[in-house]
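The values are calculated or read from the model by the stated rules, or taken from the named source; none is laboratory data. Please read all numbers here as calculations on a predicted model, not as lab measurements. Every residue, glycine among them, receives a Cβ derived from its backbone with ideal geometry; neighbour counts consider all protein chains shown.
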Amino acid sequence: MNTISQYKGKIIALFFMLSIPILDVTYFLLNNTDRGFHNLSTIVDYSLPFLKIFVIPYVIWYPFIFLGFIYICFKDTEIYFKTLITLDIALIFSYITFYIFQTTMPRPDLIGNDLLTNMIRIIYNFDKPYNCFPSIHVLACYIIMKGIDKCDKGITKLKIITTFVSILIILSTLFIKQHTIMDIIFAVFLGEIIFSVIKNVDLSKLVHALHGKKVSDEEFV
């Protein structure tokens with residue numbers, strides 16, 4: 001198969017990522033107190049300091065997830081679809097949870113007008129303190145880590161970097177007071193369970209259809 005046809009299949013596959021922002025519409029529809037709410041904060045959560053510097057890894061999440069999907073797609077299209085389907089199912093499950101068990105996260109008063117504080121202020125204004133359990137930030141990070149782990153064998157520099165960035169992002173949700181520890185635990189549990197099921201699904205026919213014929217991803221990379 002020529003290189004142009006291979007790229008075409010990969011690029012078409014990337015358009016399926018539009019499923020994420022489409023599903024995200026539900027997030028904003030549910031981000032309110034109409035159904036009441038619960039506070040899952042523990043003594044540990046209250047004891048953690050508010051560290052505004054962690055807003056940097058928090059916002060890095062957006063390009064991190066996008067670039068992670070692109071890498072997985074070009075490395076192995078079938079794993080890409082499994083990763084994307086895992087996230088889509090996890091999002092749907094999360095939104096159902098938000099609907100029947102809405103939670104909240106107490107936020108500190110923001111003082112100052114420095115860059116980092118203003119960045120957090122924008123996040124707080126854009127994202128109300130609900131829809132916390134599970135954490136979508138943590139959920140997506142963990143699923144991307146699983147996808148990259150399936151693509152690359154053994155310990156690689158990319159895996160080390162991905163793990164390090166993911167840990168920073170996960171910690172950021174605690175230190176800028178967006179999520180509780182319970183939100184993180186449930187997100188990891190949910191991502192692991194769904195990915196463990198989806199990874200065994202055979203999506204080779206879908207991948208071959210996108211490429212126009214049977215093709216091994218090893219021929220592309």
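Within this structure, Ile11 passes the test of being at pLDDT below 95 and surrounded by fewer than 16 Cβ atoms within 10 Å (Cβ to Cβ).
Checking the conditions here, which among Thr117, Thr97, Thr86 is within 14 Å of Gly68 (Cβ to Cβ), out of contact with any Asp or Glu (no Cβ under 9 Å at 6 or more places or on another chain) and assigned to a helix (DSSP H, G or I)?
Numbers: Thr117 fails: within 14 Å of Gly68 (Cβ to Cβ); Thr97 fails: within 14 Å of Gly68 (Cβ to Cβ).
Every option except Thr86 fails the conditions.
Restricting attention to the range 14-59, the residues that are of a type in the set (S, T, N, Q), part of a helix (DSSP H, G or I) and surrounded by 14 or more Cβ atoms within 10 Å (Cβ to Cβ) add up to 2. Here Ala209, Ala140 are screened, and the one residue that is of a type in the set (A, V, I, L, M) and either within 18 Å of Ile70 (Cα to Cα) or crowded, with 22+ Cβ neighbours inside 10 Å (or both) is Ala140.
Working only within the range 57-78, note down all residues that are in contact (Cβ under 8 Å) with a residue 60 or more places away in the chain and within 16 Å of the chain's Cα centre (by Cα).
The initial filter retains those residues of the range 57-78 that are in contact (Cβ under 8 Å) with a residue 60 or more places away in the chain, namely 57-61, 64-65, 68-69, 71-78.
Listed by number, the residues that qualify are Pro57, Tyr58, Val59, Ile60, Trp61, Phe64, Ile65, Gly68, Phe69, Tyr71, Ile72, Cys73.
Residue pairs whose Cβ atoms lie under 8 Å apart, separated by 6 or more positions or on different chains, with the first residue in the range 25-48 and of a type in the set (Phe, Trp, Tyr) and the second outside any helix (DSSP H, G or I) and surrounded by 12 or more Cβ atoms within 10 Å (Cβ to Cβ), are Tyr27/Asn131; Phe37/Gln102; Phe37/Thr103; Phe37/Thr104; Phe37/Tyr130.
Yes or no, residue by residue, for (1) among the hydrophobic types (A, V, I, L, M, F, W, C); (2) surrounded by fewer than 20 Cβ atoms within 10 Å (Cβ to Cβ); (3) assigned to a helix (DSSP H, G or I):
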residue	(1), (2), (3)
Lys128	no, yes, no
Ile167	yes, yes, yes
Val188	yes, yes, yes
Phe195	yes, no, yes
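Among the candidates Ile160, Ile155, which residue alone is assigned to a loop (DSSP other than H, G, I, E, B), farther than 22 Å from Ile96 by Cβ, without any contact (Cβ under 8 Å) to a residue 24 or more places away in the chain and out of contact with any His (no Cβ under 8 Å at 6 or more places or on another chain)? Write out each step before concluding.
Values: Ile160 fails: assigned to a loop (DSSP other than H, G, I, E, B).
The unique qualifying residue is Ile155.
One residue alone among Ala209, Ala140 is small (Gly, Ala, Ser), part of a helix (DSSP H, G or I) and free of Cβ contacts under 8 Å to residues at least 60 places away in the same chain, and that residue is Ala209. Per the conditions (1) surrounded by fewer than 17 Cβ atoms within 10 Å (Cβ to Cβ); (2) among the polar types (S, T, N, Q); (3) modelled with pLDDT of 95 or more, the sole criterion not satisfied by Thr83 is (1). Name every residue in the range 164-205 that is closer than 18 Å to Cys151 by Cα and at pLDDT below 95, in order of residue number. Scanning the range 164-205 gives Lys199, Asn200, Val201, Asp202, Leu203, Ser204.
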